[in-house]
1. Out of (1) assigned to a loop (DSSP other than H, G, I, E, B); (2) within 22 Å of ALA102 (Cα to Cα), what's the single condition that is false for ASP210?
2. Taking the residues in segment 404-445 that are assigned to a strand (DSSP E or B) and not aliphatic (A, V, I, L, M) as candidates, determine which candidate is nearest to PHE511 (Cα to Cα).
3. Those residues that are at pLDDT below 90 and hydroxyl-bearing (Ser, Thr, Tyr), I need them from segment 86-124; list them, please.
4. Can you pull out every residue in segment 463-475 that is in contact with a helix residue (DSSP H, G or I) (Cβ under 9 Å, 6 or more places away or on another chain) and either modelled with pLDDT under 90 or surrounded by fewer than 16 Cβ atoms within 10 Å (Cβ to Cβ) (or both)?
5. Out of all the residues in segment 180-196, which are at pLDDT 85 or above, more than 11 Å from LEU221 (Cβ to Cβ) and not acidic (Asp, Glu)?
6. How many of the residues making up segment 603-642 are assigned to a loop (DSSP other than H, G, I, E, B) and at pLDDT 85 or above?
7. Restricted to segment 170-197, and to residues that are surrounded by fewer than 16 Cβ atoms within 10 Å (Cβ to Cβ) and among the hydrophobic types (A, V, I, L, M, F, W, C), which residue is nearest to ARG135 (Cα to Cα)?
8. Just checking, does segment 375-383 include any residue being outside any strand (DSSP E or B), in the same structural domain as GLY330 (by TED's automatic domain parsing), within 30 Å of ARG624 (Cβ to Cβ) and in contact (Cβ under 8 Å) with a residue 60 or more places away in the chain?
Amino acid sequence: MTADNDARKPAAGAPRPEEATEPANGGDGAPAAAPAGRPAGPDGAGGARAAEAGGHPAPAGPEGTAAGNPTGGERLRFVGAATRRIARGIDLDEIVLGLCRATVPTFADAILVYLRDPLPVGDERPVGPVVLRLRRTDQLPEHVRGVGEGDGTDFAAERPEPVPDLAGCAAERCEVRIGGPLAEVLRGVRPVFGDSSAARAALPELLGDDRPVPDRHRTILAPLRGRRRVIGAAVFVRRPDRAAFENDDLLVAAQLATHTALGVDKAVLYGREVYIADELQRTMLPDSLPQPTGVRLASRYLPAAETARVGGDWYDAIPLPGNRVALVVGDVMGHSMTSAAIMGQLRTTAQTLAGLDLPPAEVLHHLDEQAQRLGSDRMATCMYAVYDPVAHRIVIANAGHPPPILLHRGGRAEVLRVPPGAPIGVGGVDFEAVELDAPAGATLLLYTDGLVESRIRDVWTGIEQLRERLIETARLTGPNPPPLEPLCDEVLGMLGPGDRDDDIALLAARFEGIAPSDVAYWFLDPRPQTARQARRLARRALTRWGLEELTDSVELLVSEVITNAVRYAERPITLRLLRTDVLRCEVGDDVPQLPRLRQARPSDEGGRGLYLVNRLARRWGATRLSTGKVVWFELALPPRTR
């Protein structure tokens, strides 16, 4: 046994080189790497196959392959396999890893990859100095670099000198000096040998002054040039006991550097697109859901896949006057930036229409008109529901969307019979709304078709599976309804590996309602005596609720708001008091003009009513309705009654 053959033999009990990094098939179905010490086959493709598989086959001996240095055909096969491995990467780490695994040890014993920090994107022109940061290193495992270790034999006379750590002591960061030797090599683009005059001055600047570099043609410095500029450098190193690089190896290094640089450019652009997609999707969906009195809300959103982050699914919860809340779930056709942009416009339109307190069917009608204005092929489905916690009722209108499911307190789940309607964007169709009971403790689930439809099941099969899943989840908590957040997680748990063909939006609403004993409601004629009557009614309600401490403030504010309504209203005025975690007062009239807070002058006889409301109330506001407006204010409850 020669010293060279002994160097290629792993220590006793140590794993083979190809087993030390990846499975024999490379994890992706590629052929296994050649066993340690075995020369390439007759076709010379053993090294290429090993590089493509990502393993660590044994390096060539001092004379290259078994038949001498690689031939031109062998180099071409290696370059083909290596570039395919590099091209398979999508993100930055995969591409750099592909270069390292394809290179070591077939082409070099160690590699160091430096990339610009930060990497420029597209047409960006970086400002400031060029900084290179060590992105990744790779080299032969220790049991391959070692010679005759741990086998109980002494070949000291046959061993070559100890092999230095080829990649372990390089500088982590390098600032390229303008006009310096490293800048000149990077500007030249072509790879150079480490013992050339240009590289001898450039390598210490890149790797550090104390970094040992093998002599002769055993180091190659290859600039990485992308589509528009140099984005880094790669250093290929061979051990002193291995054959030096040849001139043809400069061409191999140039090919590896070019494909890597183009892949890095692609990965950076892809990363920027992913960032834009994530930001677009994040801004299109609500950051958090409101928590109005009488209902609890939870939501989930899942993109279709990492490669299709942007979709057209959305959900929303919009507080309405009278503690009501609008629940919206929609799905725009497609998975693209365009779909997300259309989704954003439709969501904004729905919020505006909800602010006008339009009925659900009329909201869908206006959304249909908006979709047609956006284009003839802008199609979407939508479910719009309005829940009233005082009346314990819900009004639902559907535009081609999967039907909602209501999970009752006792564990029964039913698919609500809501007229399906036509999708938004069809035009010329009417939408029908239905009013249903919303019992306290029940949970309403609104979702998009990505949750129930996939390549392996149709919509109605998925809806039935979802209903059964809800029943099983409710059975675990007995008579009490399951918590909302875990319930959403359980619903998403029904998805299998082949069920993620579409993005998913899920909105769950737990109806709690407001007890009739906590509501006081009156109709008042617009007369001069109405303010006094309203004060008397409010006082009685506060006494019944044990809130006498708020009597003075409520009487003053009710009187101011009622007086303003009496001045302009022609039809009966509504006064409603609600006791929840706060005391809320609502005054409605048939005048659509909203009041505005203004600063009254000392000589003005009026104009101070809203100023008093603004000073004394915890919150206040005014909302325009289809029949007029509602002015409301809230007062905090005394600590003993909370």
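1. That leaves (2) as the condition not met.
2. The selected residue is THR443.
3. THR106
4. GLU472
5. Selection gives GLY180, ALA183, ARG187.
6. Residues in segment 603-642 being assigned to a loop (DSSP other than H, G, I, E, B) and at pLDDT 85 or above: 4 in total.
7. The residue in question is VAL189.
8. No, segment 375-383 contains no residue that is outside any strand (DSSP E or B), in the same structural domain as GLY330 (by TED's automatic domain parsing), within 30 Å of ARG624 (Cβ to Cβ) and in contact (Cβ under 8 Å) with a residue 60 or more places away in the chain.
The values are calculated or read from the model by the stated rules, or taken from the named source; none is laboratory data. Just so it is clear, the structure is predicted and the values come from calculations on it, not from any experiment. Methodologically, a virtual Cβ is constructed for each residue, glycine included, from the backbone with ideal geometry; neighbour enumeration extends over all protein chains shown.
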